[in-house]
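The values are calculated or read from the model by the stated rules, or taken from the named source; none is laboratory data. This structure is a prediction, so every number in the text was calculated from the model and none was measured. All Cβ positions, glycine included, derive from the backbone under ideal geometry; neighbour counts span all protein chains shown. Ligands, DNA and RNA are stripped out before the accessible areas are found, and what is left, the full protein with its side chains, is counted by its heavy atoms. Shrake-Rupley method; radii C 1.70, N 1.55, O 1.52, S 1.80 Å.
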Amino acid sequence: MMSTSTDKASIVAPTRELMASTVFDELGMERDSDNLYLQIIDSMLHAAEILEVPRHIQLILAQPKNEIMVHFPVLMDNGHYALFKGYRVQHNNALGPYKGGLRFHPHVGLDDVKALSALMTMKCSLVRIPMGGGKGGIKCDPRAMSQNELMRVTRRFVSAIAAQIGPDRDIPAPDVGTNAQVMAWFADTYMQISDKQNKMAVVTGKPVEFGGSLGREKATGQGVIDVLAEILPDIGLAFKDATCSVLGFGNVGSWAAKLFAERGGKVRAAMDHTGGVYNPDGLDVLALDEYVREHRGIAGFEKTRHGAEAISEEDFYRVPVDVFIPAALEQMITEEKASWLDCKLIAEAANAPMTPPGERALMARGVEILPAILCSAGGVTVSYFEWVQNRTNQSWDLEKVDDELNRHMVLAARRTQLARHRFGVDMRTAAYIAALEQIAQVYQLRGIFP
Ligand code: GLU
C-alpha cells in the first residue's frame, strides 16, 4: 500500500551530471543536451545504473532495433504529385510486438520519432502490457490537406511499410495529428494487401464501429485522472478542492480537462496554439470542448458568453493552480516558462513536455513531476485491450475497459512510488526504474540469441 507522503521535503532534486553514462562513448553517440532522443536515453540509462541493469541490456536499450524511413509520392487534389517522408522506429520488442502511435506533423523527424519510440518501450513496460515500443510519423501538415489527400497519404504509407508491421509485429495507433478515421484507412489498406491472420489488429484506436474499443478515445485523458486520483491524496488534495490548467486542448487535453471537472475539480485555464482562456472559478469545459471542435482552436471562446476571459501565454503559465497538465507537444516547458509556473504538481499528459533545464528549475522549487511514461500510458493500455478484443472476437463494455484501465494505472503509480522510496529518487527516475525492472528480468530469462 502507498502510505507515503510526497510533501516537498521528500522531493529529490537531481544533482547528477547529465549524460554521464559511458554507454554514450561505447556507442559513439555525441552528447547533445538539446537532443530529445539523447535526453530520454540519458534518463533511462541513469535509472538503469541505479537498478544495476547489466551493461549489455543498457547498450541494447540505448539504440532502437530498427529505424525505417520511406519516401512516397501522393497525388494531391490540385493534380500535382507531392513526395512525403515517413518513419517507423521500432525501439524494442523484448516484451512483445512493437506498439506506439503514428504522428502527422510538419516537424516530424527521425530523432524525435526515435525518442518517442523509446518512451513507448518504457510506457508499455511500466503498465505491464506485453508490448514493446515503436513510433511512426509522416512529415506533413494534416490541417492543410483535404480528407482525400489525408486518406491517400495514409494508404500509400501503409503500403510502403506493410512488410515491417503486422498484428504480431508492430501495431501503430493514433498520435498527434491522427485520429480514428486515419486508423480506419490504415486498417483497411493493410487488410487489402496482407495475407496475415487477425489483420484488423494491425492498428488500434480504430472507430468503435470498425474494430475499435469503447473508451479508447478518452483513454489517455482518463489515465491521467486515474493517476491523479492515486497521487492527489498524498499531497493532501481531493479533486473537489483541486484546480488545474491544461496546455493543449486536443484529444488528450480536452478529455483530461472534462474528466478533471467531472470529478469536481476546477479547470482554471486552457491554452492551445490559437490562444488561451481563463476563469478563476473554473471554465465550462464542455462548452469549450464543443467550441474547439467547431472552431479548431480555443481562440475566440471568450466571446461566447461562457464566462471566460482571454489570457496571454505568460499569464496562462502564471495562473495559480494545484496541477498543471501539459497535453501538447514535446519540449514546450522551457526554463523561462517553468519560472512562470505556479503549481504543486505537474501531470505530464504529453510525451516529454519539459526541457531538462525547465525540469530542473521546477524540481529545485519543490514541484512534483509525474512523468509521461506513467501519466500518459492510458492510451496505449486501452490500445492493448482493443488488440486483445480484435484477436479474440470480443467486445468489452465500457465498464470493463474503465475498470481494467484503472487497475493498470493504479498499479503503475504504486510501482513508481515504491521505486521512488526504495531508491530515494525523483518520480521520473522511479518510473524508469519500475519499467526497467520488467525488461531486465525478461532479458535475463530470454538470454541473447544465438
Ligand atoms: N500515441 C499514444 C502514446 O504516445 C498511444 C499509443 C498506442 O496506443 O499505441 O502513448
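The value obtained for the stretch 337-450, namely the Cα convex hull volume divided by the number of residues, is 153 Å³ per residue. In the chain, the portion of solvent-accessible area held by carbon and sulfur atoms comes to 50 percent [1.4 Å probe, whole percent, DNA, RNA and ligands not counted].
Remark on residue 102: its backbone amide H falls under 5 Å from those of 136, 173, 175, a criterion applied only to residues 5 or more positions apart or on other chains, H modelled at 1.01 Å from N. Per residue, the average separation of C-alpha pairs within less than 8 Å and at least 6 apart gives the stretch 24-154 a relative contact order of 25 percent. Taking a ≥ b ≥ c as the square roots of the eigenvalues of the alpha-carbon gyration tensor, the stretch 219-286 is classed oblate because a/c is 1.5 or more while a/b is no larger than b/c. Sorting the segments 276-284, 196-204 by their residues' average number of neighbouring beta-carbon atoms within 10 angstrom, most packed first, yields 196-204, 276-284. Across the stretch 332-343, coupling constants 3J(HN,Hα) worked out from phi with the 6.51/-1.76/1.60 Karplus curve, θ = phi - 60°, read 7, 8, 7, 4, 5, 5, 4, 5, 7, 5, 10, 9 Hz, and Gly and Pro carry x. Cα convex hull, the chain: 145 Å³ per residue, rounded to a whole number.
Taking θ as phi - 60° and the Karplus parameters 6.51, -1.76 and 1.60, the scalar couplings of the stretch 147-160 work out to 4, 5, 5, 4, 5, 5, 4, 4, 4, 5, 5, 4, 5, 6 Hz in sequence order, x denoting glycine and proline. Across the stretch 295-423, C-alpha contacts under 8 Å between residues 6 or more apart give a mean separation that, scaled by the residue count, equals a relative contact order of 17 percent. Here is the tail figure for the stretch 203-323: Cα pairs spaced more than 26 Å apart come to 22 percent of all pairs.
May I ask you to work out the translational diffusion coefficient for the stretch 79-146 at 4 °C, viscosity 1.567 mPa s, via Stokes-Einstein with Rh from the Kirkwood sum over Cα pairs, reported in whole µm²/s? Intermediate values should be presented prior to the final figure.
On the way: Rh = 12.6 Å.
So the translational diffusion coefficient is about 103 µm²/s.
The residues of the chain present an accessible area of 40 Å² per residue when probed at 1.4 Å with all protein chains retained. Overall shape: oblate for the stretch 391-444, with the ratio a/c of the largest to smallest alpha carbon gyration tensor axis at 1.5 or above and b/c at least equal to a/b.
Could you tell me whether the stretch 147-264 comes out rounded, prolate or oblate from its Cα gyration tensor? Rule is a ≥ b ≥ c as square roots of the eigenvalues, rounded for a/c under 1.5, then prolate if a/b exceeds b/c, otherwise oblate. Prolate, since a/c reaches 1.5 and a/b exceeds b/c. Judged by the mean number of other Cβ atoms found within 10 Å, the most tightly packed of the peptides 104-114, 27-37, 220-230, 301-311 leads the ranking 220-230, 104-114, 301-311, 27-37. In plain terms, if you count all Cα to Cα distances in the stretch 282-337 and split them into 10 Å steps from zero, the share in each step is 19, 49, 30, 3 percent.
Counting each pair of different Cα atoms once, what's the Kirkwood radius of the stretch 273-313 in Å, rounded to one decimal?
That comes to 10.0 Å for the stretch 273-313.
Note: relative contact order over the chain, using C-alpha pairs below 8 Å and six or more positions apart, is 17 percent.
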